[in-house]
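Here the structure comes first, spelled out in structure tokens, and everything after it is commentary.
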Amino acid sequence: MFLVTTPNTVYARGRFTTFGWEFRSRFAGVNVETSLADRWNPTLSETARRMFVAPDASYVGGDFTTVGGVTYGYLAVFSMAP
């Protein structure tokens with residue numbers, strides 16, 4: 001598992017299906033104050049191997065071909081706007 005922290009959230013990537021006591025498939029965010037998984041649930045089909053979190057987006061690359069049931073080619077970008 002690999003973790004990246006921001007002021008409000010810890011993001012994790014790896015080979016897991018639960019995180020912060022919630023179903024999260026291979027990529028997740030957890031609120032640092034509550035220790036609960038974010039409502040955001042991208043659900044990767046396979047392992048995320050690389051991750052970069054910027055102020056406005058999160059970039060994830062890996063073995064996955066779908067994110068939330070939508071076809072992606074091993075790279076996904078998630079908006080971090082509120």
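None of the figures in this text is laboratory data; all of them are computed from the coordinates on show. In this text the structure is predicted, and so the values were computed from the model without any measurement. Cβ sites come from the backbone with ideal geometry, for glycine too, and all protein chains shown count toward neighbours.
A few points about this structure:
- Qualifying trypsin sites (Lys or Arg not before Pro) in the chain, DSSP loop, other Cβ atoms within 10 Å at most 15: ARG15, ARG39
- Extension gain from TYR74 to SER35, taking 0.36 nm per residue of separation minus the Cα-Cα distance: 11.2 nm
- In the chain, the GluC sites (Glu not before Pro) that fall in loop regions by DSSP, at most 16 other Cβ within 10 Å: GLU33, GLU46
- Most fluctuating residue given options ALA48, ALA12, ALA57, as computed from a GNM of the chain linking Cα atoms under 10 Å: ALA57
- Sites PHE52 and THR18 - FRET efficiency at Förster radius 25 Å, r taken between beta-carbons, to 0.05: 0.55
- Simple point charges give the picture: +1 on the Cβ of Lys and Arg, -1 on the Cβ of Asp and Glu, and for the stretch 2-79 a dipole about the Cα centre of about 200 debye.
- Value of D in µm² per second that Stokes-Einstein yields for the chain, Kirkwood Rh from Cα pairs, at 37 °C (0.692 mPa s): 263
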